[in-house]
Amino acid sequence: MKRNTNIKSILHPLDSNPYQAYLSGVVQVADVLEWVLSQVGKSEIWQTSFSISEEFIRRLYFIEKSGNVSRFSLVLDHKATTKTVKLWPFITQVIQHTYLADNHSKILLVKSIAGDMVSIVTSQNLTRGNRAESAFVTTDPDIFTTLHKQVTDLITYHSVPLHDLFNSAN
């Protein structure tokens, strides 16, 4: 998020706004994740993206260090493998479960220990961009259930665990 920008000027509390969207050049996906976790507490996270950057992994490191992440599963695209491979040592230190698939989606699912479910569908890859990006944020359980089922199917039947890829290469 750009300095001097408060996420509250873009998004409103989840408990009073079950459906909201934004188009902004100042909010990053990591900002939204921190904002969600600040409201729902410790959670399991599933995230999909075409690619990821070192800067975003650094943000995730600090988010995980906060103690609000019980498990993190990430799906990246096969076509971004060259970049992913370079970041692999850092990714494995931060993200517990990373998968490669034919994927262009940008989805963030958060399910808290208390049962809160938040779904975010965004245009932003897990990279730092200085462009306008859009997102739809909802606490609708039906949307979460549908997306979670589809992300789980992608992980289970259409992806390769990044860790397994490296182990088989050795």
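The values are calculated or read from the model by the stated rules, or taken from the named source; none is laboratory data. Just so it is clear, the model here is predicted, and its values are computed rather than measured. Heads up, the Cβs are rebuilt from the backbone with ideal geometry, glycines too, and the neighbour counts pull from every protein chain shown.
Taken as a whole, the condition of being loosely packed, with under 14 Cβ neighbours inside 10 Å, of a type in the set (Asp, Glu) and out of contact with any Cys (no Cβ under 9 Å at 6 or more places or on another chain) does not apply to GLU64.
Residues that are within 13 Å of the chain's Cα centre (by Cα), modelled with pLDDT under 90 and within 30 Å of TYR157 (Cα to Cα) occur at least once in the range 40-51.
Residue by residue through the range 123-141, note down the ones that are among the polar types (S, T, N, Q) and within 19 Å of HIS12 (Cβ to Cβ). Listed by number, the residues that qualify are SER134, THR138, THR139.
Every condition in (1) outside any strand (DSSP E or B); (2) within 14 Å of the chain's Cα centre (by Cα); (3) not small (Gly, Ala, Ser) is met by VAL75 except one, and the failing one is (1).
Among the residues of the range 102-132, what is the count of those that are outside any loop (DSSP other than H, G, I, E, B) and at pLDDT below 95?
The total comes to 1.
Has the range 61-79 got any residue that is acidic (Asp, Glu), touching a residue at least 24 places away in the same chain (Cβ under 8 Å) and within 23 Å of TYR22 (Cβ to Cβ)? Don't jump to the end; show me each part of the working.
Within the range 61-79, the first condition is being acidic (Asp, Glu), and the residues that meet it are 64, 77.
Within this subset, residues satisfying the condition of being touching a residue at least 24 places away in the same chain (Cβ under 8 Å) are 64, 77.
Filter again for within 23 Å of TYR22 (Cβ to Cβ), leaving none.
No, the range 61-79 has no match at all.
Just to be sure before I move on: is GLN20 in a helix (DSSP H, G or I) and modelled with pLDDT of 95 or more in the structure I sent? No, not satisfied. Can you confirm whether GLU64 is in a strand (DSSP E or B) and charged (D, E, K, R)? Considered against the rule, which asks whether it is in a strand (DSSP E or B) and charged (D, E, K, R), GLU64 comes out as no.
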